[in-house]
Amino acid sequence: MYSENIIKFDQMKRYFFDQDTSIKFLEYLIGKGTVIAPHKKGETSYSFKKVDDVNEVVFDYSRTIQPLKKFFLPPQETLLNFNLTDNSFSEPEVVEEKKIFFAIHSYEMQSIRRLDYSFTKGNPESNYLSKRENSCFIGISFEPDEWHFSKSVGIEIEKLEGFCLFFEPVENGHLVFEVNETGREMLSEFGAGVLVDTPLDFEITDKHFKAKIKYHYNRLPQVFEHVYHSKVWDKVAEKCVGCGTCNLLCATCYCFDVRDEVDLNMINGKRERFWDSCMLNSFAEVAGGDDFRDKLSFRTRHRLFRKFKYITEESGELQCVGCGRCSRFCPAQINIVDIINDLIVDYTEQQEKQVI
Amino acid sequence: MSKPRVAFFDFTSCEGCQLNKLNFENDLLDILELVDIVEFREAMDDRADEYDIAFIEGSISTPTCVERIHDIRRRSKILVALGSCAVSGGINAMKNLYPPEWVKETVYGEDKYLFPSIPVQPVSAIVKVDYEVRGCPMSTPEYLHIFKSLVLGRKPEIIDYAVCVECKQKENECVLDKGMFCLGPVTRAGCGAICPSNGQYCTGCRGLVSNVNENGAIEMLKLHNLSTHEAMKRMKMYCANEID
């Protein structure tokens, strides 16, 4: 599988950037549009943020707290401004700007592709799409930590789809690969960097993932066909406190709640949407007070089925991209890879019983 | 249409939630445009017989409290509990964890017979409460939301999810990750995660989310190096009446 990737990389035009050149390149990008890149946040965390000082950009990071979706589906977003006196409303203006996302990991890029699917299928969602326009993405390789498992869901570290350029760290700098035409134009306009025309003298390697799903990802939908009644859900529910962190920080979860808030003048107001989570108490509550997922076990099951079955059946792609946020940030230390591997054990046991 | 007649009452509490309202400052005049405040001991002398909306602060902890709250309820169309003490008993309810006689002795010494007291209860244990504004002190945005909703005659939306939600929406670095204690994962949001957003941990002042997984919460705190005893102690600070 990886040899194919190496060939792909070997055929691409590439430049060597030392750290200074990379910083200059960032300055060049700032002249082209709004640049968004990972920054340090707090003591041990990272966050995607607009670049004000190029020296604050972090090239080597594990994962940000919030995924990239926050730029297209903000945690809190005004949908309408309304006036109760004359019963009118207006939509807030979306600022048209070119957005360049720098140092993006492949799973993050893939999460945007999953969201693109969800927001364009059926009725295209204009709020998302208007923000999504004019974006380009520059990828970077990363060293998986104990929570990354993107390879287990079919997303290699060097998966290039969606990127215009790709940064691969090498000694004293980065190799920058021209992935598509946009990237080629950027590099030729930028002009600096040393063209490398010798064959790749290093391997684009399958970096070692510590977290792994036992089955190949193409078998996972089959597993999810058989585990709806698994005991695993109850086991997870014993530990889960239902705080919703897993959904809120999930790179592909897009559920939101809509609330109206009127100003104190009782005339003007706004309709806002907020990130919501199917792990929360009120999510599946309906009129009359009934709740069709009133147990944490049902909610965890729903959360995983949304990633590995429901949308997958329509889109043909797993919705989990293996960023590991749900596990990394879970206060109860519930790990999605453990859940899936437990489900696989459950599934294999079922299969064996059937054979007997 | 005449303005709704609004009153504020205090029971066993520090009166901080009431004070919080006087701190609205910029909004205070707008609020006064919308309602007639007919009774508010901390701010004025007037009294009234009937109220469209009665806001109640403080917990029920004496036989007199019980009589008073019945009386107020009878004269109020809508009754709203303000702040932790009124909603769940709050920190006052910690006294319920000790023998009542010992508590009286410790607080009042030999004069204890002058101060009849009962176990601390939320307002809702005595009379019907229509809406609750949680927090110690109560959350201002939530209070304003309920206030505006009642003036408009619509049902307020009351949040029943964890503080974690608001922390994640703000992209705060997790307090637990910093090695601090935090009750955010099981405490009701609505405060805008104000404490974790400002370098503090969540003490659980807004009470627990409904259907809370109590054992899960204790196990979670153990994972972050708190003993069961310590975990229970922390949770009982504001939720003595909610936890067994």
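Computed from the coordinates by the stated procedures, all read-outs in this text should not be read as laboratory data. Remember, it's a predicted structure, so these values are computed and weren't measured experimentally. Note: ideal-geometry Cβ built from the backbone for every residue, glycine included; neighbour counts use all protein chains shown.
Here are some notes:
- Shape of chain B, Cα gyration tensor, a/c cut at 1.5: oblate
- Here each label is just a point 7 Å from Cα along the line to Cβ, and for A:Asn172 and B:Thr228 those points are 6.1 nm apart.
- Of all DSSP beta bridges in the stretch B:5-152, antiparallel share, percent nearest 5: 15 percent
- Cleavage-rule hits, GluC sites (Glu not before Pro), the stretch A:27-62, DSSP coil, Cβ neighbours within 10 Å at most 15: A:Glu43
- From phi via Karplus (6.51, -1.76, 1.60), per-residue ³J(HN,Hα) for the stretch A:33-46 in Hz, x at Gly/Pro: x, 7, 9, 10, 8, x, 10, 6, 9, x, 7, 10, 10, 10
- Applying a DSSP loop filter and a limit of 12 other Cβ atoms within 10 Å to the GluC sites (Glu not before Pro) in the stretch A:195-271 leaves A:Glu203.
- Whole-Hz couplings from phi, Karplus 6.51/-1.76/1.60, listed for the stretch B:230-235; x for Gly and Pro: 4, 4, 5, 4, 5, 5
- Straight-distance crosslink candidates among lysines, where the alpha carbon sits under 23 Å from A:Lys98 and sequence neighbours closer than 8 are dropped: A:Lys24, A:Lys32, A:Lys49, A:Lys50, A:Lys69, A:Lys70, A:Lys131
- Looking at chain A alone, DSSP beta bridges between its own residues are antiparallel in about 75 percent of cases.
- Cysteines in chain B lacking any other cysteine Cβ under 4.7 Å from their own Cβ: B:Cys14, B:Cys17, B:Cys65, B:Cys85, B:Cys167, B:Cys174, B:Cys182, B:Cys191, B:Cys195, B:Cys202, B:Cys239.
- Cross-link pairs beyond the 22 Å C-alpha cut-off, checked among A:Lys212/A:Lys235; A:Lys295/B:Lys236; A:Lys8/A:Lys121; A:Lys41/B:Lys178: A:Lys295/B:Lys236; A:Lys8/A:Lys121
- Under 23 Å, Cα to Cα: Lys pairs in the stretch B:1-147, sequence gap 8 or more or different chains: 7
- Taking the alpha carbon gyration tensor of chain A, multiplying each eigenvalue by 5 and rooting it gives semi-axes of 36, 31, 17 Å, largest first.
- Eligible aspartates and glutamates near A:Lys307 by straight Cα distance, threshold 12 Å, same-chain separation 8 or greater: A:Glu317
- Sparse packing (at most 11 other Cβ atoms within 10 Å of the Cβ) combined with a DSSP loop state is found for the following trypsin sites (Lys or Arg not before Pro) in the stretch B:21-89: B:Arg47.
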